[in-house]
Amino acid sequence: MGSITIREWGNIGTEKVMCITLSQPNGMSVSCINYGARLIRLLVPDREGQSENVVLGLADAEAYGNDRASFGATVGPVAGRIAGGKWGTVQLEQNAGEHHIHGGNRGWGQQFWDFTTEETKEAITVTFSLESTPETVGYPGRLQAKVSYSLDKEGCLTITMEGISRDTEETLFNPTSHIYFNLSGDAKHPITDHVLQLSCEEVLELDADKLPTGTKQAVTGTAFDFREATVLGETIRKRPQGFDDVFLVQLGRQPQLILSDEESGRQLELSSNRSSIVLFSTTDMNEPYLVNGRPMRSHLGLAIEAQEVPDAIHHQGWNNIVLAPNTLAARVQNYTFKW
Ligand code: G6D
């Protein structure tokens, strides 16, 4: 039998932060908070059966309140950058120079969500819900958003993101889970020892502001070629700026990504109905705050952000992230762990 615990976890301003933990007898456990519908801790056994945390987490509720790097956050309504923060005549918040990023400073990762929990024979689940409106989040259109984290007995964490647009206005929907992974356990070792495999033939060319230029580049012969399993550190040696890049992945080839850590024996397989994965290698992210009790530093984690391509609204023929009124969109990511 799995278990669910719910406890108070400090405050952000005057709001109470609640922490919900789902645990399975196989040694896996996931903790989420209602602030930003964030995943803050994920325990997975190593090959000896010792459960350790495989994501980067901040120290306390206050640290999450001050966070601007989206640790474990449900990023939305739209992940990544939107050029000039413009959508037609709509001006979104410009929170990345002249551009908009990750839903802005009032985005989903900064909102307090309601939640319910559920236990069935197959899985235990926490479901967060949020009424995303122009007044609260700042995007046009009203959207009922739902994000659920579901842990099954076998070792699979499923994150489902749903949006139902409410009224007569169109809105945008392209959320992601902004989780920084480190499979070594409690971030003992940097992610440069991890081995990565990706079903990606093409990446997007980015400009100096990290916005897609519109050109797709074949990965063949480049540092972006992870079609064969590759040690991350070897590639980063050839590409010292690391990765903050958009990998176009195949829907017909699942899992889309396999990440493994030889020393602990842990492996993560990601399958999703998303068409791209942004990988952010935290290169040069030497920040003055603590992550899992250690100072944040370069290559401590790998953010794996499954989504539709960033800035899609400015490129004809790219994924449609515009949600018509009274429409349901569902995005699913399965993270299967082996050890
Ligand atoms: C995302 O792509 C972006 C990065 O540029 C940003 O710094 C990070 O989120 C916080 O992965």
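The values are calculated or read from the model by the stated rules, or taken from the named source; none is laboratory data. Predicted model, so just to flag it, every value in this text is computed and none were measured. Glycine also receives a Cβ, built like all others from the backbone with ideal geometry; neighbour counts cover every protein chain displayed. Quick note on the areas: whole protein, heavy atoms, side chains included, nothing else; ligands and nucleic acids left out. Shrake-Rupley method; radii C 1.70, N 1.55, O 1.52, S 1.80 Å.
Taking square-rooted eigenvalues a ≥ b ≥ c of the alpha carbon gyration tensor, is the chain rounded, prolate or oblate, where a/c under 1.5 means rounded and, failing that, a/b exceeding b/c means prolate? It comes out rounded by the Cα gyration axes.
With an a/c value of 1.5 or above and a/b not larger than b/c for the gyration tensor axes a ≥ b ≥ c computed over the alpha-carbon atoms, the stretch 112-241 is described as oblate. Charges were assigned to the Cβ only: +1 to each Lys and Arg, -1 to each Asp and Glu. The resulting dipole of the chain about its Cα centre is roughly 120 debye. Calculated mean residue ellipticity, 222 nm, the chain: -1000 deg cm²/dmol, from DSSP H runs (n ≥ 4) at -39500 (n - 2.57) each, averaged per residue and rounded to 500.
Of the GluC sites (Glu not before Pro) in the stretch 204-305, the ones in a loop by DSSP (not H, G, I, E or B) with at most 10 other beta carbons within 10 Å are Glu228.
How would the stretch 146-202 be classified by its alpha-carbon gyration tensor: rounded, prolate or oblate, with rounded meaning a/c under 1.5 and the a/b versus b/c comparison settling the rest? It comes out prolate by the Cα gyration axes. Heavy-atom accessible surface of the chain, averaged per residue, reaches 41 Å², computed with a 1.4 Å probe.
Computed over protein heavy atoms with a 1.4 Å probe, the carbon and sulfur contribution to the accessible area of the chain reaches 47%. Legend: residue pairs Lys86/Lys216; Lys153/Lys210; Lys153/Lys216; Lys86/Lys238; Lys210/Lys338; Lys153/Lys238, Cα-Cα distance threshold 29 Å; pairs beyond threshold, Lys153/Lys210; Lys153/Lys216; Lys86/Lys238; Lys210/Lys338; Lys153/Lys238. Ranking Ser184, Tyr64, Leu302 by how far each Cα lies toward the positive end of the dipole of the chain (charges on Cβ) leaves Ser184 at the top. Each 5 Å bin, from zero up to the one with the longest distance, holds this percent of the alpha carbon pairs of the stretch 1-114: 2, 11, 19, 18, 16, 13, 9, 6, 4, 2, 0, 0. What is the calculated FRET efficiency for Cys156 to Asn319, with r their C-beta to C-beta distance and R₀ = 30 Å, to the nearest 0.05? So, using R0 = 30 Å, E works out to roughly 0.75.
The alpha carbon centroids of the stretch 282-311 and the stretch 155-202 are separated by 13 Å.
Other residues lying with their Cβ under 11 Å from the Cβ of Trp318 contribute a combined charge of -1, Lys and Arg counting +1, Asp and Glu -1. Positive-end ranking of Tyr35, Leu290, His194 along the dipole of the chain, with charges on Cβ about the Cα centre, is headed by His194.
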